[in-house]
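Participant: One structure, pasted below without further comment.
Taken together, the values in this text are just the output of simple stated rules run on the coordinates, not laboratory data. These figures come from a predicted structure and were not determined experimentally. Cβ coordinates were reconstructed from backbone atoms using ideal geometry, including for glycine residues, and neighbour counts include every protein chain displayed.
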Amino acid sequence: MKTEIKKLPKSQLEITFELTEEEFKEHTKHALEHMKHHVKVDGFRPGKAPASMVEDKIKPEALLMEAGDHAVQHTYVDYIKESKLEPVGNPEVKILKVSQGGEFAFTAVITVLPEVELPDYKEIAKAVKGKDVEVTEEEVQDTLNYLQKSRAKMTLKNDVAEKGDFVEIKYSSKDIENEKEIDDRFILGEAGFMKGFEDGIIKMKAGEEKEITVTFPADLPRKDLAGKESVFKIKMISVQKMELPEINDEFAKQLGAFDGLVSLKKGMKEGMTAEKKEAEKQKVRGEILQKIAEKAKFEMPEAMVEYEQERLMEDLQNKIKQTAGISFEEYLASVKKTEAEIKETYRKEAEKRLKGFLVLRELGKLEKIEVSDEEVEAEVTKALKGKPFDSAQGEIDINQFREYTKGVVHNEKIFQILEKLSQ
């Protein structure tokens, strides 16, 4: 068999395969063996008739097609394994030459993971410095106030709604989701609605309905609504007075294993500090990876970009279904865009994710990162500890989860190396 490989743009390869008559005959034999189980020959059970009698019953073009499929599949797979190529997705196959008892030739165009040329990533990592984090007393107090409100005693009011009351409303507007009625519950004056919305609800009683006119913010991402006046229909469902508990030692003890208010504040500050440190760590990691990716050189594989765009689109569709409760078609109508236009907006994000993946993969090679089965199992056990698992019900693909975990551990090792350089 002869093979010829040709580099194409966008990290693609075109491989030409040429099989001799004798080589193709072997694939024809395999095709005949496979097809004889599906051909009826009088006097013989299925699959037991002589090959010559079966061949007489089969149309030549059908046998040729079966032999060609077998030749393509097995020749391509064997070549990929031997060459240690890393194709992405399925190949685009084109038959060049085929005939009964003759030679066979075809081409396979594949997308492969590109070769990546990294900049001096160690110098880049050294130049990125994280910031010292601090949690102020004001931040601790804000969190305490939130906890205080979450444990407020609620009492139904027959009187008008005032700022600080907890209200439940239904509202709709012809400018939002085709005038779909939306349920909402919040502390009046603290919900963060557009200017004028909450003011229009003040002094409403349970059961009362009214219309208010408000103006959408000028900087709203939806240009068709930015700065536009809109009429909202409001129905007050309930008004509840909030009686806030006093923030003292007794309040602290009710929240957990705390001796008092001082102990609670200390625990809160430690927890908030840990969260800030983790956020700063992730920020530094992201900055290092971005700067390395910006200077890395490689061909962007179009097939992988499109695949990542499709993944982002699927995530969007699921999010819309779960949070907004509308179909994707209704969403497209509301934003006045086509599916293709939405998909194109995800191109930069898809390229960014792909760059990060390729850079981390190359860094793993250069740093000789290895992840043992024991490390993977330890992380899988930790992640699934205390969680019900039934592979028979398909709740989770454990093999797929192991592979995902292996990637997480691999990347964590790389980031730890880069972080040490930036300290």
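Participant: Which of Phe104, Phe232 comes first, and how do the rest follow, when ranked by fewest Cβ neighbours within 10 Å? Please list the in-between numbers first.
Facilitator: Details: Phe104 26, Phe232 23.
Ascending number of Cβ neighbours within 10 Å: Phe232, Phe104.
Participant: Okay, next question. Given points 7 Å out from each Cα along the Cα-Cβ axis, report the Lys84 to Glu137 separation in nanometres with one decimal.
Facilitator: It works out to 6.4 nm between the two label points.
Participant: Convex hull over the Cα atoms of the stretch 194-333, averaged projected area in nm²?
Facilitator: Mean projected area of the Cα convex hull: 15.7 nm².
Participant: What spacing in nm lies between the two simple spin-label points modelled at Glu299 and Leu261, each 7 Å away from Cα in the Cβ direction?
Facilitator: 6.9 nm
Participant: Do the sum for the chain: with -39,500 (n - 2.57) for every DSSP H run of n ≥ 4, divided by all residues, what is the mean residue ellipticity at 222 nm, to the nearest 500 deg cm²/dmol?
Facilitator: -15500 deg cm²/dmol
Participant: Then there is this: Quick one: putting +1 on the C-beta of Lys and Arg, -1 on the C-beta of Asp and Glu, what dipole do you get for the chain around its Cα centre, in Debye to the nearest 20?
Facilitator: Result for the chain is approximately 400 debye, rounded to the nearest 20.
Participant: Subtracting the Cα-Cα distance from 0.36 nm times the residue separation, let me have the gained length for Glu329 to Lys126 in nm, one decimal.
Facilitator: Difference between extended and current length: 68.3 nm.
Participant: Rounded to the nearest 20 Debye, what is the dipole magnitude of the stretch 275-413 about its Cα centre when Lys and Arg each give +1 and Asp and Glu each give -1 at the C-beta?
Facilitator: Roughly 680 debye, rounded to the nearest 20.
Participant: How far apart, in nm, are two points set 7 Å out from the Cα along the Cα-to-Cβ line at Ser372 and at Glu229?
Facilitator: 7.2 nm
Participant: Here's another thing I want to ask about it. With a/c under 1.5 counting as rounded, go ahead and sort the stretch 293-402 into rounded, prolate or oblate using the C-alpha gyration tensor (a ≥ b ≥ c being the square roots of the eigenvalues; past the cut-off, prolate if a/b is larger than b/c, else oblate). Let's see the in-between values first.
Facilitator: Values: a/c = 3.34, a/b = 1.21, b/c = 2.76.
Oblate shape, in that a/c is at least 1.5 and b/c is the bigger or equal ratio.
Participant: Next question. So how compact is the chain: Cα radius of gyration and Dmax in angstrom?
Facilitator: My reading of the Cα-based Rg and Dmax gives 32.4, 95 Å.
Participant: Where in the stretch 229-261 does the amide nitrogen come within less than 16 Å of the point 7 Å from the Cα of Arg151, taken along Cα to Cβ?
Facilitator: 243-261
Participant: Taking the square root of 5 times each eigenvalue of the Cα gyration tensor, what semi-axes in Å does the equivalent ellipsoid of the stretch 73-116 have, largest first? Write down the numbers at each step before the final one.
Facilitator: Working: eigenvalues 121, 26, 11 Å².
For the stretch 73-116, the semi-axes come out at 25, 12, 7 Å.
Participant: Once whole DSSP H runs in the chain are found, which of them have Cα atoms spread over 15 Å or more along the helix axis and a mean Kyte-Doolittle score of at least -0.5?
Facilitator: On the way: long enough: 21-35 (21 Å, -1.69); 60-83 (34 Å, -0.40); 137-150 (20 Å, -1.39); 261-295 (51 Å, -0.92); 302-319 (26 Å, -1.32); 347-366 (28 Å, -0.63); 373-384 (16 Å, -0.53); 398-422 (36 Å, -0.48).
For the chain, where a helix must reach 15 Å along its axis and average at least -0.5, the hits are 60-83, 398-422.
Participant: Of Gly164, Pro114, Ile124, which is farthest on the positive side of the dipole of the chain, counting Cα position, with +1 on Lys and Arg Cβ, -1 on Asp and Glu Cβ, and the Cα centre as origin?
Facilitator: Gly164
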